[in-house]
């Protein structure tokens, strides 16, 4: 499994860098031709969040997200399901709330956080454990078009876990946190 984790992290980082370079090139080309900034308004959206670091104590699997943007606030409701036959099952749910502090033509900067609960069942040893995590920090969204946003979260995370039949508590930094893509239905 460590080789798979490394592969997932490398792939996630490669995708993030590639999309950022492509988006930056598109913005520069638009600025040179005098293109106007896209108009954004609130509304629902669907997206994907990929962790760039381990999530608490579980392996780094992605999250599907439903986003609702009111303009000054945006809510993310997230879920994940990962099942390896006769080996492991991971089910996670979470939610995040962000307040937009600064907005520019193509991006916004928000502060907020979220709560996540991840249940992992290890079928090889007939054991299961739960991770509960709180995260706080900024979220940066970069709008490629009025309806498509790349985003990244980072900051501070606090987790509680009951892995290995012992209670664990940790305070961890999550620089890089997640990288994601959201499509808004506007």
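So how much slack lies between residue 125 and residue 77, counting 0.36 nm per residue of separation and subtracting their Cα-Cα distance, in nm?
On the way: separation 48, 0.36 × 48 = 17.28 nm, distance 3.16 nm.
Value of the extension gain: 14.1 nm.
Can you give the relative contact order of the stretch 73-132 as a percent, counting alpha carbon pairs under 8 Å and 6+ residues apart?
Numbers: 121 pairs, mean separation 18.0, N = 60.
Worked out over the stretch 73-132, it gives 30 percent.
Okay, which of the stretch 108-125 sit inside 15 Å, backbone N to the point 7 Å along the Cα-Cβ direction of residue 156?
Answer for the stretch 108-125: 111-114.
Rounded to whole Å, give me the distance from the Cα center of the stretch 70-100 to that of the stretch 101-158.
8
Modelling each spin label as a point 7 Å along the Cα-to-Cβ direction, I'd like the residue 46/residue 132 distance in nm, to one decimal.
3.2
Where does each of 70, 182 land when they are ranked from fewest to most other beta-carbon atoms within 10 angstrom? List each step's numbers first, then the result.
Numbers: 70 11, 182 22.
Fewest-to-most ranking of 70, 182: 70, 182.
Values in this text are rule-based calculations from the coordinates and carry no lab data. Predicted model only: the values in this text are computed from it and were never measured. No Cβ is skipped: glycine too gets one built from the backbone with ideal geometry, and neighbour counts run over all protein chains shown.
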